[in-house]
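To start, the structure itself, in structure tokens.
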Amino acid sequence: MKRYERFADEISELIRSGVLAPGERVPSVRQASRHYGISPSTVFQAYYLLENQGLIVARPRSGYFVREQAQRLLNEPEMNPCVQETADIAVSELVFSVLGSLQDSDTVPFGSAFPGPELFPLPRLARSMTKGLRALPADAIIADMTAGDPDLRRQIALRYRLTGVHLTPQELVITNGAMEALNLGFQCVTSPGDLVAIESPAFYASLQVLERLKLRAVEIPVHPREGIDLEALAESLARHPIKACWFMSHLQNPLGASLSDAKKQALYALLKQHQVPLIEDDVYAELYFGTTPPTPVKHYDDEGLVIHCGSFSKCLAPGYRVGWVAGGRYAESISRLKLMTTISPSVPAQVAIADYLQHGGYDRHLRRLRYALETQQGHMLDAAARYFPAGTRATRPSGGYFLWFEFPRQVDSLRLFHMAREQGISIAPGPIFSATQGYRHCARLSYGHPWTPRSEEAMALLGRLLASF
Ligand SMILES: Cc1ncc(COP(=O)(O)O)c(C=O)c1O
């Protein structure tokens with residue numbers, strides 16, 4: 001922890017324990033600086049953090065005050081500082097056994113990887129599919145088979161412009177979801193036995209890709225709010241022959257961390273210096289809270305080193321399996337690899353999405369979806385603060401639909417997973433997010449489904465199960 005984070009933690013403890021009451025003024029910057037022996041800028045940094053966490057509010061010309069309800073907010077998890085090297089990754093058995101349990105439609109889907117289906121404009125998409133297919137010239141059904149539907153690629157290139165990325169549709173290859181994009185990217189820049197850098201904790205399917213491609217991994221720590229630890233990465237790049245990196249710069253899965261623009265720029269500079277390609281997994285790009293779309297690392301890429309992967313699975317059309325890859329200097333090789341493996345994605349699904357992007361009101365849908373997710377996040381955080389045991393920590397991401405919980409050390413999240421499953425609740429236990437199956441006392445919970453009394457009961461039940469450890 002940095003000095004300002006330690007100080008912020010101390011103040012948040014005072015708030016949570018009630019020593020600093022709701023509405024009370026927190027120590028002024030001058031008082032805090034003198035009393036704790038830290039600089040005023042460190043105090044400011046800590047207060048900005050506490051403000052972001054919703055614990056304190058600034059009142060013009062009066063200072064900072066404890067927010068009403070602040071006691072009910074949970075502390076932020078700590079970063080696991082260890083860089084680990086792993087030779088043989090073998091996570092698939094565990095991941096499959098956990099994923100298998102998510103199929104049951106009767107469970108409370110806190111373990112789900114998708115938002116609730118009612119949040120998507122499925123009837124409107126179906127209309128787009130019918131309309132698009134009727135208008136499709138007969139030869140297009142075979143002509144667009146490799147890189148993808150030209151209209152769809154144009155629409156995606158236009159959306160990149162909103163985030164400050166200028167690329168041509170020719171750089172884009174449409175894929176069967178982001179999963180294929182990520183696989184192709186990795187296959188293109190590595191050979192079996194190579195060492196690659198991934199995040200810790202990491203999205204479990206990235207670990208499975210490494211396992212399948214027989215790659216070795218260096219796991220770089222991720223801060224729950226600020227994202228990848230650049231110092232640790234710089235050290236690893238200097239010490240090891242790392243061939244590629246797989247990182248999420250925005251709404252990292254599972255932590256929800258997002259890099260600041262300065263950090264994205266620094267990350268790119270580092271990779272450029274070492275000439276290491278970045279596979280940027282950006283599937284949650286559209287699910288930011290607020291009004292400003294984040295810029296990906298791809299924005300800073302002036303050498304074609306970034307292989308940027310996106311998808312409609314999380315924000316528009318789960319099940320259509322339409323994703324894409326903007327492959328930079330690797331675009332041609334990726335296109336050939338795609339041709340050699342799955343040839344092309346389904347034409348009807350592409351046509352439907354291309355028509356929807358043009359005429360369906362995509363931005364209006366996204367605004368509603370973001371609003372629903374932000375509201376649902378509030379419900380889950382609130383329930384966790386009420387029902388989960390003291391000492392539980394939680395992230396508070398600025399988008400997406402996952403919360404990462406760090407429970408008291410004695411909790412075993414794999415056991416919790418089985419206990420919860422018997423009670424009809426799914427969760428994603430911490431060990432599936434690590435090549436070394438760490439994070440045993442952690443879990444990822446999804447607030448992607450509309451909040452109901454059943455969700456509330458499930459949180460209360462999880463709280464009781466947690467208390468039994
Ligand atoms: C971080 C991350 N990357 C990639 C994917 C795969 O996306 P798609 O469903 O488009 O293949 C997922 C889906 O869970 C994800 O969470």
Counting other Cβ atoms within 10 Å of each Cβ, which chymotrypsin sites (Phe, Trp or Tyr not before Pro) in the stretch 269-351 have at most 14 and sit in a DSSP loop?
F289
Within the stretch 244-264, name every residue whose backbone N is under 20 Å away from a label modeled 7 Å from Cα of A238 along the Cβ vector.
244-245, 263-264
How many nm is it between the label spots at F44 and V19, if each spot is 7 Å from the Cα in line with the beta carbon?
2.6 nm
In debye, nearest 20: dipole of the stretch 121-362 around its Cα centre with unit charges on the Cβ of K, R (+) and D, E (-)?
520 debye
Quick check: the distance between the Cα centres of the stretch 250-323 and the stretch 1-59, to the nearest angstrom?
32 Å
Note the full-extension length gain between E85 and T146 as 0.36 nm times their separation in residues minus their Cα-Cα distance, in nm to one decimal.
18.2 nm
Check: C-alpha center the stretch 92-118 vs C-alpha center the stretch 121-163, spacing in Å is 30 Å
Beta bridge orientation in the chain: antiparallel %, DSSP, nearest 5
60 percent
Note, P40: beta-carbon cut-off 10 Å, +1 each Lys/Arg, -1 each Asp/Glu, net +2
R6 paired with L133, simple spin-label distance in nm, labels 7 Å along Cα-to-beta-carbon:
6.3 nm
Count the lysine pairs in the chain that are 8 or more places apart or on different chains: how many have C-alpha atoms under 15 angstrom apart?
7
What distance in nm separates the simple spin-label points at R386 and L158, each placed 7 Å from Cα in the Cβ direction?
4.5 nm
Give me V173, V325, V98 sorted ascending by neighbouring Cβ count inside 10 Å, so fewest comes first.
V98, V173, V325
Which of E68, E93 has the fewest Cβ neighbours within 10 Å, and the rest in rising order:
E93, E68
Contact order normalised by residue count of the stretch 311-469, Cα under 8 Å, 6+ apart, percent:
21 percent
The extension gain from H274 to R367, computed as 0.36 nm times the residue separation minus the Cα-Cα distance, is 29.6 nm
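Values in this text are rule-based calculations from the coordinates and carry no lab data. Given the structure is predicted, the values throughout are model-derived calculations rather than measurements. Quick reminder, even Gly has a Cβ in these numbers, built from the backbone with ideal geometry, and neighbours come from all protein chains shown.
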